[in-house]
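Inspection log for the structure reproduced underneath, given as structure tokens.
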Amino acid sequence: MSLYFDYNATTPLDQSVLNVINNALENAWGNPSSSSSAGQLAKAVIQDAREKVAEMINANSSDDIIFTSGGTESNNLVFHTVLHDYSLSDASVLPHVIISAIEHPATIFPLEHLAAANRCTLTLLPILTTGDVDPEEVRRQLRPETVLVSVMLANNETGVVNDLKRIVEVVKEWQNEKVDGENISKEARKRRIFVHTDAAQAIGKIEVDVQELGVDYLTVVGHKFYGPRIGALYVCHPGTDTPVHPMFFGGGQERGFRPGTENTGMIAGLGEASRLVTTRLPVLTAHYSRLISYFESQIRSLAPSGFGAVIHGEGAPRISNTCNVSVVCLADDRGTIEDGSGTTEGAVSATTLVNRLLAKGVTVGKGAACHTGVDGPSATLLAMQISPAVARSAIRFSVGRETTVEDVERVATMIWDTVFEILNDAGAGAGAEIE
């Protein structure tokens with residue numbers, strides 16, 4: 001038996017995507033910069049994929065799409081660009097960047113490195129107890145030297161969706177207010193604060209419309225929606241309305257924004273994965289929502305007396321395929337889990353539960369996939385003011401296109417069976433980790 005409930009970590013290639021990749025590798029093998037027939041075919045394949053990615057996120061033009069090696073490169077390209085652009089106009093004050101405290105490592109770590117190198121100052125926004133960013137908190141943190149606000153569209157652990165449209169509006173409102181006043185430098189009046197969002201966990205699970213959101217930059221990650229492990233960066237009118245400064249130099253590929261001979265096969269696959277999202281999204285989101293709703297009802301209804309399930313981010317908008325849940329028990333004999341009157345603690349540690357389930361052929365997530373080697377409570381849940389006693393038992397379940405109702409029934413039952421196996425082993429002195 002094998003059950004996979006970690007689609008937020010990665011997804012398999014869709015068979016249609018694999019077919020397109022293989023076809024491109026076999027037939028569109030020419031250098032896209034060449035005038036040969038093989039090169040021109042490769043160039044056409046890349047342009048077709050660019051148009052499909054643009055359509056998926058409702059970009060105004062396919063020219064707004066720059067292909068990259070993945071989400072990490074896309075994010076770093078944004079950070080490099082805005083800091084370099086600022087240095088060209090005003091190097092007297094360090095540029096200021098705002099991100100949320102729950103960003104992916106591909107956002108937090110590069111910016112922490114840049115701040116440590118004295119390239120910028122960095123503000124980490126606190127989040128609400130529901131798991132999302134308060135747009136008004138963004139307003140409070142803006143400064144004359146702020147150059148970038150970067151907030152993920154959907155959190156990879158909880159699935160909570162941030163209101164990027166409102167965040168963009170707040171940034172524009174603040175800039176208009178400051179421009180109308182006299183408390184900002186002449187040079188700062190000429191600059192605009194750019195807004196970036198990493199949409200890795202949102203694409204394929206909710207509608208992503210860059211024109212509706214109003215963002216300047218948006219990161220696309222192929223392997224999160226049944227595509228290959230490359231990515232793309234949306235830039236609103238790159239090089240004209242919105243700057244792009246390359247991180248390295250070579251040929252003129254990707255209009256000079258991202259030099260290097262294009263990976264035609266993988267780009268073709270990303271285009272096909274994007275096409276599938278565009279054509280299937282309503283059906284997919286309905287499928288995911290049904291499964292997650294059923295899972296949440298099952299994990300609660302199957303809980304024995306004195307035990308329960310706490311679903312994190314339940315009060316906020318979430319992507320359709322994700323449930324982050326802590327298996328909890330009452331810490332004492334007072335109150336109940338159901339009405340929230342009792343003090344709860346994690347029944348078992350997430351690490352122990354994940355490993356036991358894995359031994360049974362069940363794959364689930366614990367925190368961010370890039371943090372699987374890090375033990376302890378999730379920083380995201382702690383930022384939501386979840387107690388460490390509950391956060392330490394949090395498991396992430398994310399469903400995919402292949403997941404069935406029967407899979408959900410089996411895993412919900414197995415969770416509670418496994419919890420009691422761990423507790424019984426610990427009671428018998430078998431050395432199971434309860435904390």
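Can you tell me which of Ser16, Ser74 is within 27 Å of Arg139 (Cβ to Cβ), assigned to a helix (DSSP H, G or I) and in contact (Cβ under 8 Å) with a residue 40 or more places away in the chain?
Ser74
Do you know which of the residues in the stretch 19-34 that are over 13 Å from Met266 (Cα atoms) and not in a helix (DSSP H, G or I) is farthest from the chain's Cα centre (by Cα)? Don't jump to the end; show me each part of the working.
We begin by selecting, within the stretch 19-34, every residue over 13 Å from Met266 (Cα atoms); these are 27, 30-34.
Adding the requirement that they be not in a helix (DSSP H, G or I) leaves 30-34.
On the way: Gly30: 34, Asn31: 33, Pro32: 31, Ser33: 33, Ser34: 36 Å.
This residue is Ser34.
Report those strands (runs of 3 or more DSSP E) wholly inside the stretch 306-383 carrying at least 1 residues which are more than 28 Å from the chain's Cα centre (by Cα) and modelled with pLDDT under 95.
Details: elements: 307-312, 322-330, 344-346, 362-364.
Correct list: 307-312, 322-330, 344-346.
For the stretch 294-305, what are the residues that are in contact with a strand residue (DSSP E or B) (Cβ under 7 Å, 6 or more places away or on another chain), part of a helix (DSSP H, G or I) and in contact (Cβ under 8 Å) with a residue 12 or more places away in the chain? Write out each step before concluding.
Of the stretch 294-305, the ones in contact with a strand residue (DSSP E or B) (Cβ under 7 Å, 6 or more places away or on another chain) are 295-296, 299-300, 303.
Okay, now just the ones that are also part of a helix (DSSP H, G or I), so 295-296, 299-300.
Result: Phe295, Glu296, Ile299.
For the list (1) under 30 Å from Thr403 (Cα atoms); (2) surrounded by fewer than 14 Cβ atoms within 10 Å (Cβ to Cβ); (3) of a type in the set (D, E, K, R), I need the number of the one condition that Asp14 fails.
(2)
Residue pairs, Cβ under 6 Å, 6 or more apart or interchain, first in the stretch 89-112 and touching a residue at least 24 places away in the same chain (Cβ under 8 Å) and surrounded by fewer than 22 Cβ atoms within 10 Å (Cβ to Cβ), second charged (D, E, K, R) and not in a helix (DSSP H, G or I). List them.
Filtered contacts from the stretch 89-112: Val93/Glu145; His96/Arg143; His96/Glu145.
Are there any pairs, at least 6 apart or on different chains, whose C-beta atoms fall under 6 Å, with the first in the stretch 268-293 and farther than 23 Å from Lys52 by Cα and at pLDDT 95 or above and the second assigned to a helix (DSSP H, G or I) and not basic (Lys, Arg), and if so, which?
Correct list of pairs: Leu291/Val408.
Looking at (1) more than 15 Å from the chain's Cα centre (by Cα); (2) in a helix (DSSP H, G or I), which is the only condition Pro228 fails?
Checking Pro228 against (1) more than 15 Å from the chain's Cα centre (by Cα); (2) in a helix (DSSP H, G or I), the one that fails is (2).
Return a yes/no flag: does the stretch 35-57 have any residue that is more than 26 Å from the chain's Cα centre (by Cα), in a helix (DSSP H, G or I) and of a type in the set (Lys, Arg).
The answer is yes, given that some residue of the stretch 35-57 is more than 26 Å from the chain's Cα centre (by Cα), in a helix (DSSP H, G or I) and of a type in the set (Lys, Arg).
For Ala430, only one of the following conditions fails: (1) within 30 Å of Thr107 (Cα to Cα); (2) surrounded by fewer than 18 Cβ atoms within 10 Å (Cβ to Cβ); (3) at pLDDT below 95; (4) among the hydrophobic types (A, V, I, L, M, F, W, C). What is its number?
Going through the list (1) within 30 Å of Thr107 (Cα to Cα); (2) surrounded by fewer than 18 Cβ atoms within 10 Å (Cβ to Cβ); (3) at pLDDT below 95; (4) among the hydrophobic types (A, V, I, L, M, F, W, C), Ala430 breaks only (1).
With Asn60, Asn19, Asn27, Asn23 as the choices, which residue is modelled with pLDDT of 95 or more, surrounded by fewer than 17 Cβ atoms within 10 Å (Cβ to Cβ) and in contact with a Leu (Cβ under 8 Å, 6 or more places away or on another chain)?
Working: Asn60 fails: in contact with a Leu (Cβ under 8 Å, 6 or more places away or on another chain); Asn19 fails: in contact with a Leu (Cβ under 8 Å, 6 or more places away or on another chain); Asn23 fails: in contact with a Leu (Cβ under 8 Å, 6 or more places away or on another chain).
On inspection, the qualifying residue turns out to be Asn27.
Evaluate the following for Ala9: is it small (Gly, Ala, Ser), under 20 Å from the mean Cα position of the chain (by Cα) and not in a helix (DSSP H, G or I)?
Details: small (Gly, Ala, Ser): yes; under 20 Å from the mean Cα position of the chain (by Cα): yes; not in a helix (DSSP H, G or I): yes.
For Ala9, the condition - small (Gly, Ala, Ser), under 20 Å from the mean Cα position of the chain (by Cα) and not in a helix (DSSP H, G or I) - is met.
The values are calculated or read from the model by the stated rules, or taken from the named source; none is laboratory data. Treat the numbers as computed from the prediction; the structure is a model and nothing was measured. Here the Cβ is made from the backbone with ideal geometry for all residues, glycine too, and neighbour counts use every protein chain on show.
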